[in-house]
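K.L.:
Let me give you the structure first, and then I'll get to my questions.
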Amino acid sequence: NTRPADTTGPTATITLADSALTVGETTTVTINFNEPVTNFDANDIVLTNANGTLSTLTPNANRTVWTAIFTPTANVND
């Protein structure tokens with residue numbers, strides 16, 4: 001038995017539990033993939049203009065939903 005190779009990468013939808021944070025708050029980031037993803041970690045996410053940091057990503061059992069905590073940089077007004 002053979003099957004064609006999967007030549008397309010996964011797609012993702014990213015949501016924040018709260019998009020209007022105040023000083024000292026954090027929010028849960030949820031990344032939903034359309035297929036299982038392995039070897040995914042915070043280094044795979046570019047946060048250049050995010051004004052904050054992301055905790056370790058944690059997958060669900062199927063590795064299709066990954067969550068982390070976003071912590072804004074102190075004293076950022078954006």
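The values are calculated or read from the model by the stated rules, or taken from the named source; none is laboratory data. Everything quoted here is computed from the prediction, not taken from an experiment. Methodologically, a virtual Cβ is constructed for each residue, glycine included, from the backbone with ideal geometry; neighbour enumeration extends over all protein chains shown.
K.L.:
Looking only at residues that are surrounded by 13 or more Cβ atoms within 10 Å (Cβ to Cβ) and within 20 Å of A74 (Cα to Cα) in segment 18-41, which one is nearest to the chain's Cα centre (by Cα)?
P.N.:
V29
K.L.:
Search segment 45-67 for residues being among the hydroxyl-bearing types (S, T, Y) and farther than 13 Å from T27 by Cα, and hand back the single one that is modelled with the lowest pLDDT.
P.N.:
Step one: of segment 45-67, the residues among the hydroxyl-bearing types (S, T, Y) are 48, 53, 55-56, 58, 64, 67.
Filter once more, keeping what is farther than 13 Å from T27 by Cα: 48, 56, 58, 64.
Values: T48: 83, T56: 93, T58: 95, T64: 97.
Here the residue is T48.
Residue-by-condition table, conditions (1) of a type in the set (A, V, I, L, M); (2) in contact with a strand residue (DSSP E or B) (Cβ under 6 Å, 6 or more places away or on another chain):
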site	(1), (2)
T15	no, yes
D18	no, yes
L21	yes, yes
T30	no, yes
P36	no, no
L57	yes, yes
F70	no, yes
N75	no, no
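K.L.:
Please state which of the following conditions L57 fails to meet, knowing it meets all the rest: (1) touching a residue at least 40 places away in the same chain (Cβ under 8 Å); (2) of a type outside the set (S, T, N, Q); (3) surrounded by 10 or more Cβ atoms within 10 Å (Cβ to Cβ).
P.N.:
(1)
K.L.:
Can I ask one more? Could you check segment 60-78 and list, in sequence order, the residues that are free of Cβ contacts under 8 Å to residues at least 12 places away in the same chain and aliphatic (A, V, I, L, M)?
P.N.:
Of everything in segment 60-78, just one residue is free of Cβ contacts under 8 Å to residues at least 12 places away in the same chain and aliphatic (A, V, I, L, M), namely A61.
K.L.:
Anything in segment 60-77 that is among the hydroxyl-bearing types (S, T, Y) and surrounded by 13 or more Cβ atoms within 10 Å (Cβ to Cβ)? List them, or say none.
P.N.:
T64, T67, T71
K.L.:
Just checking, how many residues over segment 44-57 are more than 9 Å from the chain's Cα centre (by Cα) and more than 18 Å from G9 (Cα to Cα)?
P.N.:
Within segment 44-57, residues that are more than 9 Å from the chain's Cα centre (by Cα) and more than 18 Å from G9 (Cα to Cα) number 9.
K.L.:
Select from segment 1-24 the residues that are modelled with pLDDT under 90 and among the charged types (D, E, K, R) and list them in ascending order.
P.N.:
Matches in segment 1-24: R3, D6.
K.L.:
What strands (runs of 3 or more DSSP E) lie completely within the chain and have 1 or more residues being aromatic (F, W, Y)?
P.N.:
27-33, 65-72
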